[in-house]
Amino acid sequence: MIYLDNGATTRPHPLVAEAVMKTLTEGFGNPSSLYRLGLDAEKLVKGARQAAARTFGASPEEVFFTAGGTESDNTAIKGVWESRKKQGRRVITTAVEHPAVLECFKWLKNQGADVVIVPVLPDGAVDMKALEDALTEDTILVSVMHVNNETGAVMPVREVRSLMENKAPGAVLHCDAVQSWGKEDCAAASIGADLISVSGHKVHGPKGIGALYVRKGLHIPPFIHGGGQESGFRSGTENVPGIAGMGKAAELILSEGPERLARMSAAKEHLLEGIRAEIDDIRVNGPEDGCPSVLNVSFLGCRGEVLLHSLDMKGICVSTGSACSSHSKGSHVLSAMGLSKQEIEGAVRFSFCGDNTVEEMEYVISCLKTEVLAQRRLRSAFGRRN
């Protein structure tokens, strides 16, 4: 199997799986318990928090574990609204955010928020002029993703912060970094975000675990109430196996990140060069200098869904967009970029990890060429008969 849907999820790293299994079978204590088994579990949670904090250039006290990226997004966005809605009603995001963000903004609108959805440019990057125009003194929240999950477009989050400092100095900046964690610099000081959401299973960690960075001094009310775990911010007995796995994944980002990123970039570049050389009538959706983990290509005259199933039969896993909206009617991201119906219909997303190789891409290129030509011939013949 050649797995090129790492934007949907990643294969857990063997060291991650080992950490999870050891915690499930040996270190199964409750971190709130005061005997040795509980204290050992608490130590595991503490170590994982420290590793995650290092990826943000933050202190451990600024990192809180959640059940995943969606919960982190919901906690951040709804928390800012609840804590600041008396100060202002305007909240801003972009048209290409993940559903975990866009659905939150729909909820905010129903709560009486003045919601502004900023458009993007044809390459998928946020329209900074439109964002600047949208910022007002009563803006309390701006939520901009770091890397788009469908196109790999890297958003200028640092520049967004600069605009906010001039036009909405009291606003909070939230960044959904689920797709950029481990691939781009996610240090809070580098991107200028007050809140950063990440997910374990996008970086070879386990599913069902995520984290939220909350800048020291920023008050966000608890989203889940109960026994007061996570310093009272997120109650509920900690998912120690998931946290241990996510901590190990964070350690791997810190120790192996550059090498894995280099292999990822090489695979993406080789695939794109091969597609261009072997297949005509294509459109690359998104900036070519975007995040090395994502490549989105439209094969005109084809249906992406048919290509997906054809490649699956040959042992190649790809997608037609976000796995979290795979049953929706077309890509809202590509639509926001101005693509035609035919371009959206023919789009395929290839998403990479550090385990992918140039040799694998040779096989993918060969299979793609065969399947694209076969589908075009079939559609052409069908068109002539009708």
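The values are calculated or read from the model by the stated rules, or taken from the named source; none is laboratory data. Keep in mind it's a predicted model, so treat the numbers as computed, not measured. For neighbour counting, all protein chains shown are included, and Cβ atoms are generated from backbone atoms with ideal geometry for every residue, glycine included.
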Margin query: For the structure I just gave you, tell me whether GLY29 is buried (at least 18 other Cβ atoms within 10 Å of the Cβ) and either hydroxyl-bearing (Ser, Thr, Tyr) or outside the structural domain of ASN356 (by TED's automatic domain parsing) (or both).
Written below: yes
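Return yes or no: is SER33 of a type outside the set (A, V, I, L, M, F, W, C) and at pLDDT below 95?
Numbers: of a type outside the set (A, V, I, L, M, F, W, C): yes; at pLDDT below 95: yes.
For SER33, the condition - of a type outside the set (A, V, I, L, M, F, W, C) and at pLDDT below 95 - is met.
In the stretch 22-41, what residues are in contact (Cβ under 8 Å) with a residue 12 or more places away in the chain and not in a loop (DSSP other than H, G, I, E, B)? Show your work before the answer.
Of all residues in the stretch 22-41, those in contact (Cβ under 8 Å) with a residue 12 or more places away in the chain come to 22-24, 27-32, 40-41.
The answer is LYS22, THR23, LEU24, ASP40, ALA41.
Looking only at the stretch 89-96, decide whether some residue is in a helix (DSSP H, G or I), assigned by TED's automatic domain parsing to the domain that holds ASP114 and charged (D, E, K, R). Give the steps one after another, and end with the answer.
Step one: list which residues in the stretch 89-96 are in a helix (DSSP H, G or I), which gives none.
The answer is no, given that none of the residues of the stretch 89-96 is in a helix (DSSP H, G or I), assigned by TED's automatic domain parsing to the domain that holds ASP114 and charged (D, E, K, R).
Restricting to the stretch 212-232, count the residues that are in a loop (DSSP other than H, G, I, E, B) and touching a residue at least 12 places away in the same chain (Cβ under 8 Å).
The total comes to 10.
Can you find a residue that is surrounded by 21 or more Cβ atoms within 10 Å (Cβ to Cβ), under 21 Å from ILE243 (Cβ atoms) and modelled with pLDDT of 95 or more anywhere in the stretch 169-176?
So the first thing to find is which residues in the stretch 169-176 are surrounded by 21 or more Cβ atoms within 10 Å (Cβ to Cβ), and the list is 171-176.
Applying the additional criterion that residues be under 21 Å from ILE243 (Cβ atoms) yields 176.
Adding the requirement that they be modelled with pLDDT of 95 or more leaves 176.
The answer is yes; a qualifying residue exists.
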Check: Considering the stretch 331-371 alone, what residues qualify as being more than 19 Å from LEU272 (Cβ to Cβ), charged (D, E, K, R) and over 23 Å from the mean Cα position of the chain (by Cα)?
Finding: LYS341
Note to self: Looking only at the stretch 53-88, how many residues end up being in contact with a Pro (Cβ under 8 Å, 6 or more places away or on another chain) and either buried (at least 20 other Cβ atoms within 10 Å of the Cβ) or in a strand (DSSP E or B) (or both)?
What the structure shows: 1
Note to self: Looking only at the stretch 272-286, filter to residues that are touching a Ser or Thr at 6+ places or on another chain (Cβ under 8 Å) and in a loop (DSSP other than H, G, I, E, B); which one of those is nearest to LYS369 (Cα to Cα)?
What the structure shows: ASN285
Check: Checking ALA100 against (1) within 25 Å of LYS167 (Cβ to Cβ); (2) in contact with a Gly (Cβ under 8 Å, 6 or more places away or on another chain), which test does it fail?
Finding: (1)
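Kindly indicate whether any position in the stretch 117-128 is in a helix (DSSP H, G or I), under 24 Å from VAL297 (Cα atoms) and not hydrophobic (A, V, I, L, M, F, W, C). Step through it out loud before you land on a result.
Initial filter on the stretch 117-128 (in a helix (DSSP H, G or I)): 128.
Next, only the ones that are under 24 Å from VAL297 (Cα atoms) stay: none.
Within the stretch 117-128, none of the residues are in a helix (DSSP H, G or I), under 24 Å from VAL297 (Cα atoms) and not hydrophobic (A, V, I, L, M, F, W, C).
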